[in-house]
Amino acid sequence: MAIPTATKLVLPRRQRRLRRTESIRSLVRETRLTPDCFIYPLFVVEGQGIRKEVSSMPGVFQLSVDQAVEEARAARAEGISGVLLFGLPDTKDAIGSQASNPDAAVQNAVRALKRDVQDLVIFTDVCLCEYTSHGHCGIVDGDEIVNDATVEQLVQAALSHAAAGADFVAPSDMMDGRVKAIRGALDARGLDQVGIMSYAAKYCSGFYGPFREAADSTPQFGDRRSHQMDPANVAEALREVETDIEEGADIVMVKPALPYLDVLTKVKERFGHPTAAYQVSAEYSMIKAAGRLGWIDEPRVMMETLIAIRRAGADMIISYFAREAARAL
């Protein structure tokens, strides 16, 4: 005689039990966003007492060194770990020579921040686009950006930032071989403690427009498709990241963030390397504009986008929202 099998009791799944209150939701939350994962970009200019708002980026300013110190001090007090410095020189030339001037705005800002703001991690953008009269990321021969001559200039800029006290130099130019060249030059001069955060997968994007006003870096001719990445490519991004890690990058970056969350996830899963994502100028400005028009809840959308970037795999997020988000958290 067959023994009857027990009737399997099927209980309804009630996923909503874990969403019932904010306290419960916070206990089971998978992705944590904290102020210390933010890096705050600052645009530094020559002079004193300058705080000029960027018209296309409400709440973002071009700052003289003294004002940059005040802004960084406030950011650190709000729990933000680091700042990323961009420099705007008073004079420009064809080769961007002011990028390596030890008395330029970025170098002076690094020294002032090291002196006046405790425990702040200082990253410096290493590129020539803010410093060249033509607005391109390197030295130009006709209509072509010359790779190796540009790398030589980038090395000199990185060395000047490191000598001033930068914790990390961040080459954003997308020239081939620049991470290896910078790493070798730093080590040869006893600056082996200075790290490299590489813009490893930097796409040729339409999301950079407001930044070019902030950094005064709009190309005078052509575009940047010859060196920045094609938005259609993912495997190429992984090759770029792998190369930069092999050449000595301590941190790799995906830029922009939101349109390339899939790339960010693949980079983090493939390499497990410290990974940054840059929520770029238009990502910021679009949220600001829609918020001002009343089309969206700006603080809510700000936090949702930052959580998305973190969830996709970013260990650190470079964002113009850093202070607003830190205060909200």
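The values are calculated or read from the model by the stated rules, or taken from the named source; none is laboratory data. What you see is a predicted model, and the numbers here were worked out from it, not measured in a lab. As a convention, Cβ positions derive from the backbone with ideal geometry for all residues, glycine included, and neighbour counts pool all protein chains shown. Accessible surface is based on the protein model in full, side chains and every heavy atom, while ligands, DNA and RNA are left aside. Shrake-Rupley method; radii C 1.70, N 1.55, O 1.52, S 1.80 Å.
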_Enumeration of residues in the stretch 225-254 that are at pLDDT below 95 and part of a helix (DSSP H, G or I)_ = none
*Is it the case that some residue within the stretch 137-151 is part of a strand (DSSP E or B) and in contact with a Cys (Cβ under 9 Å, 6 or more places away or on another chain)?*
yes
*In this structure, is residue 168 in contact (Cβ under 8 Å) with a residue 24 or more places away in the chain, open to solvent by 20 Å² or more (accessible area, probe 1.4 Å) and touching a Pro at 6+ places or on another chain (Cβ under 7 Å)?*
no
*Residues of the stretch 311-329 satisfying the condition of being touching a helix residue (DSSP H, G or I) at 6+ places or on another chain (Cβ under 7 Å) and assigned to a helix (DSSP H, G or I)*: 312, 322, 323, 324, 325, 326, 328
*open to solvent by 40 Å² or more (accessible area, probe 1.4 Å), more than 20 Å from residue 211 (Cα to Cα) and outside any helix (DSSP H, G or I), is that true of residue 296?*
yes
*asked:* Would you confirm, using the coordinates I've provided, whether residue 145 is in contact with a Leu (Cβ under 9 Å, 6 or more places away or on another chain), in contact (Cβ under 8 Å) with a residue 60 or more places away in the chain, of a type outside the set (Lys, Arg) and more than 17 Å from residue 44 (Cα to Cα)?
replied: no
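So that you can scan it fast, the table gives a plain yes or no per residue for (1) at negative phi; (2) among the charged types (D, E, K, R); (3) at pLDDT 95 or above; (4) assigned to a loop (DSSP other than H, G, I, E, B):
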| site | (1), (2), (3), (4) |
| --- | --- |
| 12 | yes, no, no, yes |
| 24 | yes, no, no, no |
| 57 | yes, no, no, yes |
| 73 | yes, yes, yes, no |
| 76 | yes, yes, yes, no |
| 107 | yes, no, yes, no |
_Out of everything in the stretch 91-133 that is among the charged types (D, E, K, R) and touching a strand residue (DSSP E or B) at 6+ places or on another chain (Cβ under 8 Å), what residue ends up being most open to solvent (accessible area, probe 1.4 Å)?_
114
*asked:* Just to verify a result, which residue in the stretch 74-90, among those that are open to solvent by 40 Å² or more (accessible area, probe 1.4 Å) and not acidic (Asp, Glu), is farthest from residue 153 (Cα to Cα)?
replied: 77
*Could you identify the single residue in 216, 192 that is open to solvent by 20 Å² or more (accessible area, probe 1.4 Å), over 13 Å from residue 176 (Cα atoms) and either touching an Asp or Glu at 6+ places or on another chain (Cβ under 6 Å) or at pLDDT below 95 (or both)?*
216
*Could you check how many residues of the stretch 20-66 are among the basic types (Lys, Arg) and under 21 Å from the mean Cα position of the chain (by Cα)?*
1
*Residue by residue through the stretch 35-73, note down the ones that are open to solvent by 50 Å² or more (accessible area, probe 1.4 Å) and in contact (Cβ under 8 Å) with a residue 60 or more places away in the chain.*
55
*Filter result (farther than 18 Å from residue 317 by Cβ, touching a helix residue (DSSP H, G or I) at 6+ places or on another chain (Cβ under 9 Å) and in a helix (DSSP H, G or I)) within the stretch 171-209*: 178, 179, 180, 181, 182, 183, 184, 185, 186, 206, 209
*Would you mention how many residues in the stretch 261-290 are closer than 22 Å to residue 196 by Cα, touching a residue at least 24 places away in the same chain (Cβ under 8 Å) and either assigned to a helix (DSSP H, G or I) or open to solvent by 10 Å² or more (accessible area, probe 1.4 Å) (or both)?*
11
_Within the stretch 112-135, does at least one residue satisfy the condition of being in a helix (DSSP H, G or I), of a type in the set (A, V, I, L, M, F, W, C), farther than 16 Å from residue 170 by Cβ and in contact (Cβ under 8 Å) with a residue 40 or more places away in the chain?_
yes
